[in-house]
Amino acid sequence: MRFDIITIFPEFFRGPLDHGVLSRAISSGIIWIVTHDLRNFAHDKHRTVDDRPFGGGEGMVLKPEPLVEAVESLGLAPKENREASRECVVLLSAQGRPFTQAVAQELASLDRLVFLCGRYEGVDERVNELVVDREISIGDYVLSGGELAAAVVVDAVARLLPGVLGNEDSSRYESFGGHGEQDASIPHSTHDAGGLLDYPHYTRPAEFRGLRVPEVLSSGDHAQIRAWRREQALKKTVANRPDLLESAQLSKQDTRIVEQFRRAKSGESV
Ligand code: SAM
């Protein structure tokens, strides 16, 4: 899969892309990431890419010409044919639709993603109309630029591509992953997250500063380990992200456990 990132800070991506899973995916040729300096598409000798906002107000706005020409230089299909060409131009923006694991999965099914990183007060809206397919926000807060947001999206999408993670099942059985498709080939020690948060993980030593790893995890009883992990995933979800329970796939037993945790939670807060 190819990722193109259009930015005024191409050097920014050196750090995030040079480590761990992403760096290995690049060296093994599974992903290809190309950064483009927006200033190369400026029209004047000062390489100006921003200007004052029409209507007055704070700050500067990224001009439309360099951004649109930068996208056009990539040889993508016209906007109306992008779905068929499995390409997508993404504008990172606090005003965008929320980025979720489901969106990451949709993007991971494409062949090419292009990211436009805003700066200052943002991007001239005509860029959105002319060349952008999706406006994406990584959360309800305002960053100084789209670069960090682009790095987040690239990371979340790339790790879903076949061959990027050592164990293909890792991305299906973690937080937000795997909606119910139980598979006999899955190791018995794991469970289907089914849209919940992940369960707590432990490694050696078995005791650390007086805290012991839950006994069930050393029992060797895989059915009990699965049940305990499911219960813990439900507990974390009730505690930290109760909103996820609305779309999670819950068995009757899960629903009973959720009710118990909910009652305990409301008792605590009284
Ligand atoms: N004036 C804008 C607003 O209030 O929505 C904020 C502009 S912000 C300072 C500059 C750039 O950072 C944006 O153009 C966008 O590319 C990026 N950015 C800021 N917050 C973001 C978020 N939550 N998700 C994705 N990109 C974001």
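The values are calculated or read from the model by the stated rules, or taken from the named source; none is laboratory data. Not measured: the values here are computed from a predicted model. Neighbour counts run over all protein chains shown; Cβ positions are idealised from the backbone, glycine included.
Restricting attention to the range 102-126 and to residues that are in a strand (DSSP E or B) and not basic (Lys, Arg), the residue that is farthest from MET60 (Cα to Cα) turns out to be LEU113. Does GLU58 meet the test of being more than 13 Å from the ligand (Cβ to nearest atom) and either acidic (Asp, Glu) or modelled with pLDDT under 95 (or both)? No: the conditions fail for GLU58.
Every test in (1) modelled with pLDDT of 95 or more; (2) farther than 20 Å from ILE6 by Cβ is passed by PRO187 save one, and that test is (1). Among the residues making up the range 239-253, those that are farther than 13 Å from TYR199 by Cβ, outside any loop (DSSP other than H, G, I, E, B) and under 28 Å from the mean Cα position of the chain (by Cα) are PRO242, ASP243, LEU244, LEU245, GLU246.
Residue-by-condition table, conditions (1) modelled with pLDDT under 95; (2) surrounded by fewer than 17 Cβ atoms within 10 Å (Cβ to Cβ); (3) over 20 Å from PRO53 (Cα atoms); (4) within 11 Å of the ligand (Cβ to nearest atom):
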residue	(1), (2), (3), (4)
TYR120	no, no, no, yes
VAL123	no, no, no, yes
ILE136	no, no, yes, yes
TYR141	no, yes, yes, yes
GLY145	no, yes, no, yes
LEU161	no, yes, yes, no
